[in-house]
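In what follows, a single structure is set out as structure tokens and then discussed.
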Amino acid sequence: MTEQVDVSARAAAIEYAIRDVVVPAVELEAQGHEVIRLNIGDPLAYDGLPTPQHMVDAFKAALDRQDNGYGPSYGIPELRSAIASSESAKGWDCSPDDVYVTHGVTEALQILFAAFLEEGDTVLAPGPHYPPYMAYPQMYGGATVEYRLDPADGWRIDLDDIRSKMDETVRLLVLINPNNPTGNVATSEEIDSLIEIASDWPRCTIIADEIYDGLDFTGRMCSVASRSSSTPVIALNGVSKVYFAPGWRVGYMAWHDPSGTLVAVRDGVERLLRSRLCASTPAQHGFLAGFSDDSGWLEGHRSRIRERMDYCLDRIESIDGLECEAPGGAFYLFVRITDPEMAADDKAFVLDLLHRHHVLLVHGSGFSPEFGNGHFRMVCLPPIDLLAEAFDRIETFLRG
């Protein structure tokens, strides 16, 4: 028998619930079944939410003029300037030198964790949260501790829970705003309290993941960096969600370091960025075009998402066995399974639904074993006729 090569512990421990559940779905599709996929936040997978044409044209134009060679490691200057102007418009002084362009926000996270974390360090992230906040830190010697979002209060931040978990090991305090998967949008008062807590711990930097900031339905979305006068904040954003181009894989981090405490770690980030060469050059030109056209296309996309979200909330309210807090932003619903037996194993619920009725959701425990259990996440992106069919199947499943 051939001896198997060992896998590293770090790779074997990685879980990414959003895509892990796709594996059995692909098997069903290979058998000829039509699966309604509500698992992944990709607007391009559904009708009516295309990437804006002027951005596609700019991407194509870069290819046509052969502008697809290696670019600067920190991003093309024109894009860094446009991002800096956009961030400054949110209420803080951002210069092009504060901006670093990455292969999406996920690469930005990997680089930040590599630069900040040593063995024994901690990332304090919301629960529930986007899975890489749990998966990546352990690759760099760190660990993730979750602070609680309150499901009985619209998934608001439990500030007392944060205070109880802060200590000298916490290098990064994460705010995902609007939150994925719950859709909660933090108030300015909550953000101020978060900054105040972090300010008592000099080694702590705030990561503000604001990738869904343009999909705020509350009117209260505000930049974390704009609220901080001394505590360092690194804002994360990109082309994927608000510009509806997730496959381009272009994101950025914008550094707000008012007290100048991040000089050494910033040097480390720049070294890491240089070592991996650059983000996609033509995609950066496509992203750049997004900053130069304010023709109102986003309002149309946002209106369609809101209409689809409202339909989903109405259907959930009518189905015995499901409950959901109305989200304030993004395009997800984090739905509570009210039947205690079904809720006890939310992954089994998701897989049973998939195999019996061919609707693909994501189990809530994949976003937090402690704070997400007994829920599932679904996207509100498909057209209403497809959502209607999905809910009909879910309702049939719940009725047994």
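The residues of region 97-117 that are of a type in the set (Ser, Thr, Tyr) and assigned to a helix (DSSP H, G or I) amount to a single one, Thr106. Output yes when any residue across region 223-236 is under 26 Å from Gly296 (Cβ atoms) and assigned to a helix (DSSP H, G or I), and no when none is. Within region 223-236, one or more residues are under 26 Å from Gly296 (Cβ atoms) and assigned to a helix (DSSP H, G or I).
Yes or no: region 347-363 includes at least one residue that is outside any loop (DSSP other than H, G, I, E, B), closer than 15 Å to Gly321 by Cα and touching a Leu at 6+ places or on another chain (Cβ under 8 Å).
Filtering region 347-363 down to residues outside any loop (DSSP other than H, G, I, E, B) leaves 347-357, 359-360, 362-363.
Applying the additional criterion that residues be closer than 15 Å to Gly321 by Cα yields 349-350, 353.
Then keep just the ones that are touching a Leu at 6+ places or on another chain (Cβ under 8 Å); that gives 350, 353.
Within region 347-363 (the criterion being outside any loop (DSSP other than H, G, I, E, B), closer than 15 Å to Gly321 by Cα and touching a Leu at 6+ places or on another chain (Cβ under 8 Å)), the answer is yes, since at least one residue qualifies.
Checking each residue in region 132-167 for being out of contact with any helix residue (DSSP H, G or I) (no Cβ under 9 Å at 6 or more places or on another chain), hydrophobic (A, V, I, L, M, F, W, C) and over 18 Å from Phe334 (Cα atoms) picks out Met134, Ala135. Within region 303-310, identify whether any single residue is hydrophobic (A, V, I, L, M, F, W, C), in a helix (DSSP H, G or I), over 27 Å from Pro43 (Cβ atoms) and not assigned by TED's automatic domain parsing to the domain that holds Asp67, and answer yes or no. Looking for residues that are hydrophobic (A, V, I, L, M, F, W, C), in a helix (DSSP H, G or I), over 27 Å from Pro43 (Cβ atoms) and not assigned by TED's automatic domain parsing to the domain that holds Asp67, one finds none in region 303-310, hence no. When every residue of region 298-315 is checked against the conditions, at least one turns out to be over 24 Å from the mean Cα position of the chain (by Cα) and more than 30 Å from Ala62 (Cβ to Cβ).
Yes or no: region 142-150 includes at least one residue that is modelled with pLDDT of 95 or more, under 19 Å from Arg377 (Cα atoms) and among the β-branched types (Val, Ile, Thr). Looking through region 142-150, none of the residues is modelled with pLDDT of 95 or more, under 19 Å from Arg377 (Cα atoms) and among the β-branched types (Val, Ile, Thr).
Evaluate region 224-239: report whether one residue or more is surrounded by fewer than 17 Cβ atoms within 10 Å (Cβ to Cβ) and of a type outside the set (A, V, I, L, M, F, W, C). Yes, because at least one residue in region 224-239 is surrounded by fewer than 17 Cβ atoms within 10 Å (Cβ to Cβ) and of a type outside the set (A, V, I, L, M, F, W, C).
Screening the candidates Lys60, Lys90 for the property of being farther than 20 Å from Tyr212 by Cα, assigned by TED's automatic domain parsing to the domain that holds Tyr140 and either in contact with a strand residue (DSSP E or B) (Cβ under 7 Å, 6 or more places away or on another chain) or of a type in the set (Lys, Arg) (or both) yields one hit, Lys60.
Put simply, of Asp97, Asp64, Asp47, Asp57 the only residue that is touching a Pro at 6+ places or on another chain (Cβ under 8 Å) and charged (D, E, K, R) is Asp47.
For region 158-185, enumerate the residues that are in a loop (DSSP other than H, G, I, E, B) and within 15 Å of the chain's Cα centre (by Cα).
Narrowing region 158-185 to residues in a loop (DSSP other than H, G, I, E, B): 158, 166-169, 177-185.
Of everything in region 158-185, those that are in a loop (DSSP other than H, G, I, E, B) and within 15 Å of the chain's Cα centre (by Cα) turn out to be Asn177, Pro178, Asn179, Asn180, Pro181, Thr182, Gly183, Asn184, Val185.
Reported count of residues in region 312-336, each being closer than 19 Å to Asn184 by Cα and either part of a strand (DSSP E or B) or not charged (D, E, K, R) (or both), is 17. Checking each residue in region 136-157 for being surrounded by fewer than 18 Cβ atoms within 10 Å (Cβ to Cβ), under 20 Å from the mean Cα position of the chain (by Cα) and assigned to a helix (DSSP H, G or I) picks out Gln138, Met139. What do you reckon, is Gly219 outside the structural domain of Pro43 (by TED's automatic domain parsing) and on the phi > 0 side of the Ramachandran plot? In short, yes. With respect to (1) touching a His at 6+ places or on another chain (Cβ under 9 Å); (2) over 23 Å from Pro383 (Cα atoms), the lone exception for Leu49 is condition (2).
Within the option set Arg148, Arg163, being among the basic types (Lys, Arg) and farther than 20 Å from Glu325 by Cβ holds for one residue only, Arg163. The single condition from (1) farther than 24 Å from Gly71 by Cα; (2) modelled with pLDDT under 95 that Leu333 fails is (2). Would you say Val99 is among the β-branched types (Val, Ile, Thr) and within 18 Å of Ala208 (Cβ to Cβ)? So Val99 passes the test. The residue of region 184-208 that is farthest from Arg148 (Cα to Cα), among those that are out of contact with any Asp or Glu (no Cβ under 6 Å at 6 or more places or on another chain) and touching a residue at least 40 places away in the same chain (Cβ under 8 Å), is Pro202. Residues in region 237-283 that are part of a helix (DSSP H, G or I) and of a type in the set (Asp, Glu): Asp267, Glu270. In region 375-393, the residues that are closer than 17 Å to Ala330 by Cα reach residues that are β-branched (Val, Ile, Thr) and crowded, with 22+ Cβ neighbours inside 10 Å with C-beta atoms within less than 7 angstrom, at least six apart or across chains, in these pairs: Phe376/Val335; Phe376/Ile337; Phe376/Val350; Phe376/Val362; Arg377/Val362; Met378/Val335.
On the given criteria, is Leu44 loosely packed, with under 15 Cβ neighbours inside 10 Å, touching a residue at least 24 places away in the same chain (Cβ under 8 Å) and within 21 Å of the chain's Cα centre (by Cα)? Against the criterion (loosely packed, with under 15 Cβ neighbours inside 10 Å, touching a residue at least 24 places away in the same chain (Cβ under 8 Å) and within 21 Å of the chain's Cα centre (by Cα)), Leu44 qualifies. For region 374-381, check the following and say yes or no: at least one residue is surrounded by fewer than 17 Cβ atoms within 10 Å (Cβ to Cβ) and of a type in the set (Val, Ile, Thr). No - not one qualifying residue is present in region 374-381.
The values are calculated or read from the model by the stated rules, or taken from the named source; none is laboratory data. Everything quoted here is computed from the prediction, not taken from an experiment. Heads up, the Cβs are rebuilt from the backbone with ideal geometry, glycines too, and the neighbour counts pull from every protein chain shown.
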